[in-house]
Amino acid sequence: MVQFQKLLRVSTTGKSFHNITAKIEAIVAESGVETGLCTLFLRHTSASLVIQENADPDVLVDLANFMAKLVPESGGYIHDAEGPDDMPAHIRSALTHTSEHIPINRGHLVLGTWQGIYVWEHRQRSHTRELVVHISG
C-alpha cells in the first residue's frame, strides 16, 4: 500500500470560501495513487472544510448568511481573546468539519459533478491555514 502525505498552505482573505479542489487533485496526481482514499485534515479550530456546490456561487453566499444568523458575533461569548469573531469562529468550526475523506478512482477524486472542496474561513482577518493531505492506496 502506498502512503503519500503533503502539507498544503491556504491563504485566506477573511470570512470566505476558498476552492481548493484543483490543488487537491494535483496532489492526488502527484501521489500516483490510482485507487484509494484522500484524507484532508485542517489544522485549525476557527476554519473548516466543506464539500459543497461549485457551480452557483449563491449557494456559498446563502451558507455564509445562514451560519452568520445561526452563530452571531454578538452572542455575548466569554471567550473573546482575539476579538468578537473569535468564539463564533470556534463554534462554526465545531458545527462543520475539519476533516474530509474522498475516494480516489483512476487517479482522480470521486466527487460529484457539482461538488468542490473548500476551506471555509470563519475569522474576519486573513490567515494562512495548513491542510494535511494524506493519500493511501
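Tabulated data for the structure shown
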read-out: Count of residues meeting criterion [surrounded by 17 or more Cβ atoms within 10 Å (Cβ to Cβ) and among the charged types (D, E, K, R)] in segment 63-99; value: 3
read-out: Identity of the residue in segment 1-33, more than 15 Å from residue 104 (Cβ to Cβ) and β-branched (Val, Ile, Thr), that ends up most open to solvent (accessible area, probe 1.4 Å); value: 13
read-out: Candidates 74, 136, 99 - the one that is hydroxyl-bearing (Ser, Thr, Tyr), over 12 Å from the mean Cα position of the chain (by Cα), farther than 14 Å from residue 12 by Cβ and at pLDDT 95 or above; value: 136
read-out: Selection count where residues are closer than 13 Å to residue 121 by Cα and in contact with a Phe, Trp or Tyr (Cβ under 9 Å, 6 or more places away or on another chain), scope segment 45-60; value: 5
read-out: Residue within segment 126-136 that is open to solvent by 70 Å² or more (accessible area, probe 1.4 Å) and without any contact (Cβ under 8 Å) to a residue 24 or more places away in the chain present; value: no
read-out: Single unsatisfied condition, residue 68 versus (1) within 20 Å of residue 125 (Cβ to Cβ); (2) over 15 Å from the mean Cα position of the chain (by Cα); (3) touching a residue at least 12 places away in the same chain (Cβ under 8 Å); (4) assigned to a helix (DSSP H, G or I); value: (3)
read-out: Residue within segment 78-94 that is farther than 30 Å from residue 35 by Cβ, aliphatic (A, V, I, L, M) and under 13 Å from the mean Cα position of the chain (by Cα) present; value: yes
read-out: Check on residue 39, surrounded by fewer than 17 Cβ atoms within 10 Å (Cβ to Cβ), β-branched (Val, Ile, Thr), within 25 Å of residue 137 (Cα to Cα) and out of contact with any Gly (no Cβ under 6 Å at 6 or more places or on another chain); value: yes
read-out: Checklist (1) small (Gly, Ala, Ser); (2) closer than 21 Å to residue 91 by Cβ; (3) surrounded by fewer than 17 Cβ atoms within 10 Å (Cβ to Cβ) applied to residue 47, failing item; value: (3)
read-out: Per-region count, segment 97-137, residues assigned to a strand (DSSP E or B), touching a strand residue (DSSP E or B) at 6+ places or on another chain (Cβ under 9 Å) and not hydrophobic (A, V, I, L, M, F, W, C); value: 15
read-out: Of residues in segment 83-96 being in a loop (DSSP other than H, G, I, E, B) and at pLDDT below 95, the one farthest from residue 9 (Cα to Cα); value: 84
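For every residue, the table says whether it meets (1) over 19 Å from residue 130 (Cα atoms); (2) in contact (Cβ under 8 Å) with a residue 12 or more places away in the chain.
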position	(1), (2)
9	no, yes
14	no, yes
18	no, yes
26	no, no
34	yes, yes
37	yes, yes
53	yes, yes
74	yes, no
87	yes, yes
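The values are calculated or read from the model by the stated rules, or taken from the named source; none is laboratory data. Note that the coordinates shown come from a computational prediction; the quantities given were computed from them, not determined experimentally. Glycine gets a Cβ as well: all are built from the backbone with ideal geometry, and neighbour counts include every protein chain shown. The accessibility values were calculated without ligands, DNA or RNA, using every heavy atom of the protein model including side chains. Shrake-Rupley method; radii C 1.70, N 1.55, O 1.52, S 1.80 Å.
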